[in-house]
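Enquirer: First the structure, which I've put down as structure tokens, then a few questions once you've had a look.
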Amino acid sequence: METFLSICVGVGLSAACGFRVFVPMLFLSIASLSGHVTLAQGFQWIGSYPALIAFSVATVLEITAYYVPWLDNLLDTISTPAAVIAGTIVTASVITDMSPFLRWTLAVIAGGSAAGLVQCTTVAARGVSTTLTGGLANPVVATGELAGSFIASATALVAPVLAVLLAITAVGLVAAKLSPKFKRPGAIAPPVMN
């Protein structure tokens, strides 16, 4: 059961990395320093004071940068691979009772994918916002992403199974909401097989 919960913590924090790369890392650092989370061998550096300071500074810079109209779209380009890497690291760092091969395989597949899926939906949401409003609504999108990152990070640490379910639900809702926006007018839908 402990392994299952640690995987859920990792996947939940990875999903939060899809919203903001450094917020979940900051939460994990604080949780580790407070004794709430035990980090896997080789990842104790995340729970150090220098890492806490670095994650704090990076979080403030990242949050601020997403409120600059042209910089937010540029950051989406950079943060997509960064989110996948951070999601992989976060997942691998909290899975303690597993062989390194299985831990990294799970971290790449589950953690990296969770971060990547959430990041892709946020990029799509920002793209729609930029297209429809010329970027004027992007600060609203940035605020929603920030709130999502904080909520997902806190939930992953307090109620990990709920965090995974919320991440799946959120990605599904956003994907369903955005999918009609990308259809061309007059496009013919593929036939439905019964």
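Only the coordinates and a few stated rules stand behind these numbers; no lab work does. Being a predicted model, the structure only gives us computed values, none of them experimental. Glycine gets a Cβ as well: all are built from the backbone with ideal geometry, and neighbour counts include every protein chain shown.
Enquirer: Report the relative contact order of the chain, percent, no decimals, based on alpha-carbon pairs under 8 angstrom and at least 6 residues apart. Write down the numbers at each step before the final one.
Expert: Details: 276 pairs, mean separation 66.2, N = 194.
Relative contact order, the chain: 34 percent.
Enquirer: Please compute the length gained on full extension between L61 and T133, using 0.36 nm multiplied by the number of residues separating them and subtracting their Cα-Cα distance.
Expert: Stretched fully, the L61-T133 segment lengthens by 23.4 nm.
Enquirer: Which is farthest toward the positive dipole end of the chain among V90, P100, L173, measuring Cα position about the Cα centre, with Cβ charges +1 (Lys, Arg) and -1 (Asp, Glu)?
Expert: Of V90, P100, L173, it is L173.
Enquirer: Of the listed peptides 93-104, 4-15, what is their order by residue-averaged count of other C-beta atoms within 10 Å, with the highest listed first?
Expert: Details: 93-104: 16.7, 4-15: 25.3.
Top of the packing list down: 4-15, 93-104.
Enquirer: So for the range 64-137, averaging the separation of alpha carbon pairs under 8 Å that are six or more residues apart and normalising by length, what relative contact order in percent results?
Expert: 34
Enquirer: Next question. With charges set only on the Cβ (+1 for Lys and Arg, -1 for Asp and Glu), what does the dipole of the range 2-170 come to about its Cα centre, in debye to the nearest 20?
Expert: Values: 3 positive and 6 negative charges, 7 e Å.
In debye, rounded to 20, the range 2-170 gives about 40.
Enquirer: Using a ≥ b ≥ c from the Cα gyration tensor of the chain (square roots of the eigenvalues), is it rounded, prolate or oblate, where a/c under 1.5 gives rounded and otherwise the larger of a/b and b/c decides, a/b for prolate? Let's see the in-between values first.
Expert: Numbers: a/c = 2.42, a/b = 1.44, b/c = 1.68.
Oblate shape, in that a/c is at least 1.5 and b/c is the bigger or equal ratio.
Enquirer: Pick from I46, I78, I151 the residue whose mean-square fluctuation is largest in a GNM of the chain, springs joining Cα atoms under 10 Å.
Expert: Taking springs between Cα atoms under 10 Å, the residue moving most is I78.
Enquirer: Between T122, T130, T80, where does the largest GNM mean-square fluctuation fall for the chain, given springs only between Cα atoms within less than 10 Å?
Expert: T130
Enquirer: Additional query: Please report how far the C-alpha centroid of the range 103-158 lies from that of the range 1-42, rounded to the nearest whole angstrom.
Expert: First find each Cα centre; the distance between them is then 16 Å.
Enquirer: When the helices in the chain are scored as -39500 (n - 2.57) per DSSP H run of 4 or longer and the sum is shared across all residues, what 222 nm value do you end up with, to the nearest 500 deg cm²/dmol?
Expert: -24500 deg cm²/dmol
Enquirer: Moving to a separate point now. If you take the charge dipole of the chain about its Cα centre, with +1 on Lys and Arg Cβ and -1 on Asp and Glu Cβ, which of N138, F43, T64 is farthest toward its positive end?
Expert: My answer, from the dipole projection, is N138.
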